[in-house]
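Data block below; observations after.
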Amino acid sequence: MTSPISGRQPQAVRSALLILEEVAAAGVGITAKEISTALRIPPATTYRLLNLLVAEEYLVRLPDLGGFALGRRSANLAPLPLATPTAARTVMRRLRERVRWGAHLVAFDRHRLQFLDPDPDHPPTDADELSRHPHATGLGRLLLAEHDLPDGPLARLTPHTTVDPERLRTLLAEVRESGVARQCGEFHAALGCLAVAIRAPGDGRLVAGLALTGPADRVAAPNAELIDLLRDHAAELAPLLA
Amino acid sequence: MARIPGLRSRSPVAGLHRRALRPLGVFAQSVATTAPAGAMASTPLLVIAVAGSGAPWSFAIAAVVVGLVAACITAFARRMAAAGGLYSFTAKGLGAGGAYACAVAMIVGYGVLVAVALSGASWYGGALLARLLSGPAADTGAVAAGTGVVLVVALAITAAVCAIRGVRLAGRVMLVIEAASIGLILVVLVALALTTAPTVPAPPVGGGAGGGVGGVGGVGGVAVGVLPALAAFIGFDSAASLGVEARRPFASVPRAILATAGVTAVLYLVATLVVLAAPGATEGATSPPTGVGGVDDLSWASVLMDLGIVASFGACALAALNTLVRVLFSLAREGVAPAVLGRTHRRHLTPAVAVTVAVPVIAAVVVVGTLAGVPPATVFGALVSVATLGFLAAYLLVCVAAPRFLARIGELTRGIVVAAVLASAALVAILVVVLANAGTGLLITVAALVAVGAGGWLVLRVRRAAALRGMGVYDETTTADVLGAPTSAPPR
């Protein structure tokens, strides 16, 4: 759809970025007129650029249709650098000494996964790859259980991947119920994963996930002891991350 | 993080398949509603009949008016995503009264347009089948009528199923049909022009006043020709009703509306030039206008053309139905229409109840008309007039609303004021001319519709005043869309 970028409108690009910055600085509810006055950009140009930024979803219009705020897409411009507290790393090290599978600590940044402390002995799949297929991963299902099914069709990554939206809904309901997300051979045919949520102690919002990855057939077993171990460590990690 | 005032956590139009439709599907919706293949085959003849060699000018003027209206519509479409399309827009500029009038105009316009498409498909399809079966000379009226009724029922059911099965499927179906039918018509038109007029054609674009080729024409002819030309464009706005379902609606909906206006304008101009260049080529090429008689017109070209036209009308029925049910859905969510119409299909996420209510009513009108023995041309012509009036009224209201809306949110520019004033003036002039020249039947119909609409308004004023005040719901920004709003915030 898009034509090759000629880059011949540096002023427009500059103005668009200034507008983004102005909305970010002013906070929720700034109007087009105020932006135009503050930046001394002609009103018609301001309106056109604002509409463009709204169309691309970097900005959103508030319900009064006159005010603006930063859209979720703007977050992609500056991903939060995540620092993992040393205390959390210590907890993870203790967990790894007690299990033989890979143990990973992952933060949820809106709909993206970011590794806070991946297991150095069992290097995990790339975080973006995991973020793209939340329906097939334990960590992704923790996130989906919080929101809803992703838009679009569910990709079949292995013969075992759950691709039926109804079936996935049932699974997500189970995740909400038990607090544990499990997948066996749905992402990689040979591997499976057990994941539990880490919630902020105050408001209970989902902030991170703790996952164990191991052979698919072994993950399928009840693993009651392992799950208890995961829950204990998740509870220990919660105050360190929230 | 402070809570943001006025932000809901759930959109008022929840239940539709939000943000799912690709830009091409949105574009297909608008293109299919205008039924360009059908219009290319029939409208140029109508316009040339009154404007002579000035016909391209009639189309050019109509295209400019459509462009101005499109500018007003996109002023809204860039700023809000609504299921109700034009009437939701009008609500933001003219308040409840304007919105209600626009909603009535849209229901009439789109509802009748579905009927137009069904009757058009049955008319062309019935005539074509009758001719294929029994040859051109036989008396085939009964065969045509019978096939026509069967076609209407089959088409209505197909359109209803597609509309319920989801907007993505409907978009794909419309896209394929439109591409095929436009391609067919273009090929046939060009082929006819090449075979019929091997010599240099008379210069068609010579200025309205100078036109001597057609015999009719002149400035007056060109002006009269604007109305049928404009009727060929109606429905180009229908992508606006997919605002909730389109992915990136603020980009794809305005683009679809403008592109549809542009593409159809070019197609109609090309078709008109071809017809002018090869006079007589398309007369008798399609089934229904075979009143000329005597021509051995069962040629490959005419069959292909008829097929293209029937397909185009079929896609138009589906597209217009899509918009109609979303208008009803939106009205129901506001509490203006019965709440049951606002129910969506649990799995397919479409206004299924509205579909099942609307389709039988519309199909019945066409079937009864055909069975009563009214000639298809009369049914078709009458329906087109009513639909066109509905659309013109809706366009007029949205054009008046645009500058008021922009002034209210503090984003008024000189360009949109000029566009709105010019478009409104042109639409008022056209409406006046149409009503001044209308037959009694049309006048009675319009008067009845206005009376019913006004009566509904009075009843609603008494019974549901709050719902009227709340008209114009749209897919508002919710907390989930705003960066920093308190949903599942990232760890800090």
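What average number of partner chain Cβ atoms lie no more than 10 Å from the Cβ of the residues making up A:66-76?
Numbers: counts 5, 5, 1, 8, 5, 4, 7, 2, 3, 3, 0.
Across the residues of A:66-76, the mean count of other-chain Cβ atoms within 10 Å is 4.
Round to a whole number: what % of the accessible area of region A:86-241 belongs to carbon and sulfur, probe 1.4 Å? Of all accessible area on region A:86-241, carbon and sulfur atoms account for 51 percent. Tell me, what is the FRET efficiency for A:Ala12 and A:Leu82 to the nearest 0.05, using R0 = 45 angstrom and their Cβ-Cβ distance as r? Efficiency, from the Cβ-Cβ distance: 0.85. With a simple spin-label model that places each label point 7 Å from the Cα along the Cα-to-Cβ direction, the separation between B:Ala467 and B:Ala451 comes to 2.4 nm. In this simple spin-label model, placing a label point 7 Å from the Cα along the Cα-to-Cβ direction at both A:Arg94 and A:Ala38 gives a separation of 4.7 nm.
Average accessible surface for chain B: 38 Å² per residue, computed with a 1.4 Å probe over protein heavy atoms with every protein chain in place. Solvent exposure of A:Arg72, expressed as accessible area, is near 50 Å², computed with a probe of 1.4 Å over the protein chains only.
Provide the percentage of antiparallel DSSP beta bridges, counting only those with both residues in the protein assembly as shown; round to the nearest 5. Intermediate values should be presented prior to the final figure.
Numbers: 31 of 34 bridges.
Beta bridges within the protein assembly as shown, antiparallel portion: roughly 90 percent.
As a calculated quantity, the FRET efficiency between B:Arg165 and A:Arg73 at R0 = 41 Å, using C-beta atoms, amounts to about 0.85.
Over chain B, what percent of the accessible surface lies on carbon and sulfur atoms, probe 1.4 Å? Before the final figure, lay out each step's value.
On the way: 13330 of 18900 Å².
The computed percentage sits at 71.
How many percent of the alpha carbon pairs in the protein assembly as shown exceed a separation of 40 Å? Percent of Cα pairs beyond 40 Å in the protein assembly as shown: 42. Based on the Kirkwood approach, the hydrodynamic radius assigned to region A:80-198 is 14.9 Å, with every pair of different Cα atoms included.
Burial annotation for region A:186-232: residues with an accessible-area loss of at least 40 Å² between the isolated chain and the complete set of protein chains, computed on heavy atoms with a 1.4 Å probe, are A:Arg205.
Could you do me a favour and compute the accessible area per residue for chain A, 1.4 Å probe, result in Å²?
Details: 12340 Å² over 242 residues.
Ligands and nucleic acids excluded, the figure is 51 Å² per residue.
Cβ-Cβ distance of B:Arg8 and A:Ala220, R₀ of 51 Å, FRET efficiency by 1/(1 + (r/R0)^6): the value works out to about 0.75.
Taking a probe of 1.4 Å and counting only protein heavy atoms, give the total accessible area buried between chains B and A in Å², rounded to the nearest 100. List each step's numbers first, then the result.
Values: alone 20500 and 13940 Å², together 31240 Å².
In total, chains B and A hide about 3200 Å² from solvent.
In this rough spin-label picture, where each label sits 7 Å from Cα along the Cβ direction, the B:Ala372-A:Thr170 distance is 5.3 nm.
What percent does the relative contact order of region B:358-480 come to when contacts are Cα pairs within less than 8 Å and at least six residues apart?
Numbers: 34 pairs, mean separation 25.5, N = 123.
Relative contact order, region B:358-480: 21 percent.
Placing a label point 7 Å from the Cα of B:Arg404 along the Cα-to-Cβ direction, the residues of region B:82-100 with a backbone N closer than 17 Å are B:86-100.
The values are calculated or read from the model by the stated rules, or taken from the named source; none is laboratory data. All of these numbers come straight from a predicted model, not from anything done at the bench. Because the Cβ atoms are built from the backbone with ideal geometry, glycine has one as well, and the counts that use them run over all protein chains shown. Ligands, DNA and RNA are excluded from the accessible area calculation, which covers all protein heavy atoms including side chains. Shrake-Rupley method; radii C 1.70, N 1.55, O 1.52, S 1.80 Å.
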